[in-house]
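The values are calculated or read from the model by the stated rules, or taken from the named source; none is laboratory data. The structure displayed is predicted, hence computed values, not measured ones. Cβ atoms come from the backbone with ideal geometry, glycine included; neighbour counts cover every protein chain shown.
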Amino acid sequence: MSAILVYISTTGGKIKRSSLEVLSHCRDQATKNNMELAAVVLDNDAAAFADQLQQYGARKVYTVSNPIFKSHLNAPVTQALLQIIEQVNPRVFACASTEGTKDVLGALAAKTGGAALPDVANFEVTADGVSALRPVMAAKILSQNTASGELVLVSVRSGSYDATESPTVADVTDVAFTPADFAAVLREVISSTGDKVDLSEATVVVAAGRGIKDEEGKKLIDDLAETLGAAVGASRAVVENGLFPATAQIGQTGKVVSPELYFAIGISGAVQHTAGMSNSKVIVAINKDGDAPIFQMASYGLVGDLYKILPLLTEEIRKAKSA
Ligand SMILES: Cc1cc2nc3c(=O)[nH]c(=O)nc-3n(C[C@H](O)[C@H](O)[C@H](O)COP(=O)(O)OP(=O)(O)OC[C@H]3O[C@@H](n4cnc5c(N)ncnc54)[C@H](O)[C@@H]3O)c2cc1C
């Protein structure tokens, strides 16, 4: 039986939500096409994730445990995934489109001779490969792509599918792995001190734009984010003027986010920004210009001065939460 193999990314002792979304969609595709669903997880203690992967319907789980996977490094991840691809011989290899998989997908395609479809918004397994929709030109249009061959590799944008459980009993294999002697060695990971919640995986994002003029405005954003337990994002305008760190930038040249709830505060809605947040489920826009393009995609809109609206909004949310 041919197989779909899903690479599961982990971070801080948890499976990334985006990986579970891909696994859920691949489970449906495997059922539809009478294929086997396999998952591979690389981590310092990969076996710890096997139970959760069974909950999401993986029939075969390959766990590769090694301290080298404590932090993402392209070379050992590529080496381990090649080893598992050789073992499973899947027709389709799928993973979430994350910063970590961007280079890995290309490297795997080059080494296996497979066809790569990176950063797709959705995909279907076909008789001879994969058919997918890819957002192009800053997600202004969707392009229809097909790839055929013995192996097709796909990475999927976060928020494209829901992560849904469908428990099964999996055949779990612990795979022995010896990292090659890599030239690059990871000495230290320096993370941004302000990142209380991981932006790419957050379920609520409070994002600031050029309407935030100063430290006072930044504090209003931080207060709202803290009240909601949200991650803080930003448009490029306020990253370039130094109010927010580059790690907070959302958009074409920043991060792609797909939260349940996205606040666009003082953000006009340029395509380069919306390219990174259009998969958000509910969008709340606050802007003093009623004609700002962001309102065209917002689920809820508040027209007014953010400096007046935010203190009231945060206070009301605080009250509602403590009631
Ligand atoms: C190649 C390229 C890549 C890019 N990549 C990105 C990217 O990854 N991410 C990104 O964000 N941008 C990116 N940009 C920049 C993008 O084109 C826009 O310039 C940027 O997104 C605008 O940010 P903004 O909405 O915060 O600012 P503006 O467009 O200036 O909008 C500010 C908004 O705030 C509102 N406002 C002002 N004061 C208040 C107030 N007191 N109360 C309420 N509302 C108020 C205004 O009405 C306005 O709508 C890129 C551009 C290029 C050319």
Read through the list (1) at pLDDT below 85; (2) closer than 30 Å to residue 85 by Cα, then give the number of the only condition that residue 190 fails.
-> (2)
Residues located in the stretch 264-301, provided they are away from the ligand (no atom under 11 Å from the Cβ) and over 15 Å from residue 254 (Cα atoms) = 280, 281, 282, 283, 284, 296, 297, 298, 299, 300, 301
Would you kindly identify the strands (runs of 3 or more DSSP E) lying entirely within the stretch 136-249 that contain at least 1 residues that are over 23 Å from residue 266 (Cβ atoms)?
-> 141-148, 152-156, 171-174
Write out, first by first residue and then by second, each pair whose Cβ atoms fall under 7 Å of each other, whose residues are 6+ apart or on separate chains, and whose first residue, in the stretch 239-260, is on the phi > 0 side of the Ramachandran plot while the second is within 10 Å of the ligand (Cβ to nearest atom) and among the hydrophobic types (A, V, I, L, M, F, W, C).
-> 251/275
What residue, among those in the stretch 223-254 that are within 19 Å of the chain's Cα centre (by Cα), within 13 Å of the ligand (Cβ to nearest atom) and crowded, with 21+ Cβ neighbours inside 10 Å, is modelled with the lowest pLDDT?
-> 254
Would you pick out the residues in the stretch 124-135 that are within 24 Å of residue 1 (Cβ to Cβ), free of Cβ contacts under 8 Å to residues at least 40 places away in the same chain and either hydrophobic (A, V, I, L, M, F, W, C) or in a helix (DSSP H, G or I) (or both)?
-> 127, 130, 132
Residue 71 meets each of (1) surrounded by 18 or more Cβ atoms within 10 Å (Cβ to Cβ); (2) farther than 16 Å from residue 176 by Cα with one exception, condition (1)
